Amino acid sequence: MINPVVNRQMPVVSVVIPLYQKKRHIAAAISVAYRSCCLADVAFELVVVDDGSTDGSSDVVRDWATEKPDHASVLHLIRQENQGAAAARNVGWKAARGEVILFLDADDTWEDHHVSEMLVLMSEFPEAALYADAWGEISPDRAARLHSFGIGSDRRGPLACFFETMSSGPMIVSSSTAGTWKRCLIESQGFPEGVRFGEDKIGWGRLALLGDVVWSPRIGAIWDKSADNRSEKLSGSAPRTDWRDFLIEVLDGPAISKATRRNILTAVAVENACLSGEITVFCHDTPALFSEPNRGQTLGIGVL
């Protein structure tokens, strides 16, 4: 049995979980977040934002809160009309009491060590703006897969070229592995509301413009791609330009460092080549071409 043990020397951790039509999965997500926070020995809260679910997801959250006395004390459920994942995340981090904000999608899970790993990174690199560890996945056929991420992902610590890394492999920062400081989200303004797909990616890009992105190659989260209502299932194969357009906007905006400009120019070139069909970027999937004999690995960029 795990009991929450509070280490008063650590900052309060707020886990923000956007929720929409995930009745089958939300209890598992809350439970692993609770367990990982308890094992990290910190004060914490779980902020669940139900974005207009009609499948009874909120009822599952309430049932979980009544299972044990201490569940209710750490759970904060917010309900709103459906406004999209970006709005739900923004509502969550704005309502959070904690200085440390960790994100988890309602159909994903964490490894036990995830919260501890994130807090160690934040302690070692307190001036950074964004933190993440690696993720594995459960594919739609229920097979477990690992990934090789983009440029620089073999090293623990600050990423030398975050924007190139994001465009050269699966998303190195995901909506279930990201952590940051609330003060950084206030400065970056969080996630772009009205962007239906890739709003999280833009949110990480906004934070990366404020400071270092610190990374651990240790797997901290598992994406369940067989889950209900996943965004990649709903979006189809239509080209998505929101990330590319964000990068171009950054280049045309306030002054950025020469190194960041070079990184973004490379990322824009990759995105344009992908959109034109010259290359394909493996943002989420492990292509079948590389599944055997190297099953479980994916290359960052593949030439068609």
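Looking only at residues that are of a type in the set (A, V, I, L, M, F, W, C) and farther than 30 Å from residue 136 by Cβ in the stretch 252-285, which one is modelled with the lowest pLDDT?
Looking at residues that are of a type in the set (A, V, I, L, M, F, W, C) and farther than 30 Å from residue 136 by Cβ, I get 255.
Being within 20 Å of residue 18 (Cβ to Cβ) and β-branched (Val, Ile, Thr) is the filter here; which residues of the stretch 58-75 pass it?
60, 61, 74
Restricting to the stretch 34-80, count the residues that are among the basic types (Lys, Arg) and touching a residue at least 40 places away in the same chain (Cβ under 8 Å).
1
If we scan the stretch 165-176, do we find a residue that is of a type in the set (A, V, I, L, M) and under 18 Å from residue 94 (Cα atoms)?
Checked the stretch 165-176: no residue is of a type in the set (A, V, I, L, M) and under 18 Å from residue 94 (Cα atoms).
With a cut-off of at least 3 residues that are under 27 Å from residue 271 (Cα atoms), of a type outside the set (S, T, N, Q) and at pLDDT 95 or above, name the helices (runs of 4 or more DSSP H) lying wholly within the stretch 76-172.
85-95
When the residues of the stretch 72-111 are narrowed to those that are closer than 15 Å to residue 221 by Cβ and of a type outside the set (A, V, I, L, M, F, W, C), which ends up surrounded by the most Cβ atoms within 10 Å (Cβ to Cβ)?
Among residues in the stretch 72-111 that are closer than 15 Å to residue 221 by Cβ and of a type outside the set (A, V, I, L, M, F, W, C), the one surrounded by the most Cβ atoms within 10 Å (Cβ to Cβ) is 108.
Only residues in the stretch 246-267 that are closer than 19 Å to residue 159 by Cβ count as the first member; pair them with residues that are surrounded by 13 or more Cβ atoms within 10 Å (Cβ to Cβ) and of a type in the set (Phe, Trp, Tyr), Cβ under 8 angstrom, at least 6 apart or cross-chain, and list the lot.
Listed pairs, sorted by first residue: 247/163; 260/163; 263/162; 263/163; 264/163; 266/163; 267/163.
Please determine, by comparing only the residues of the stretch 32-50 that are in contact with a helix residue (DSSP H, G or I) (Cβ under 6 Å, 6 or more places away or on another chain) and of a type in the set (A, V, I, L, M), which one is farthest from residue 80 (Cα to Cα).
Selected residue: 40.
Of all residues in the stretch 175-198, which are on the phi < 0 side of the Ramachandran plot and buried (at least 23 other Cβ atoms within 10 Å of the Cβ)?
175, 176, 177, 178, 179, 180, 181, 185, 191
Residue by residue through the stretch 190-205, note down the ones that are assigned to a loop (DSSP other than H, G, I, E, B) and either over 8 Å from residue 89 (Cβ atoms) or aromatic (Phe, Trp, Tyr) (or both).
Result: 191, 192, 193, 194, 195, 196, 197, 198.
The values are calculated or read from the model by the stated rules, or taken from the named source; none is laboratory data. The model shown is predicted, which means the values in this text are computed figures rather than measured ones. Because the Cβ atoms are built from the backbone with ideal geometry, glycine has one as well, and the counts that use them run over all protein chains shown.
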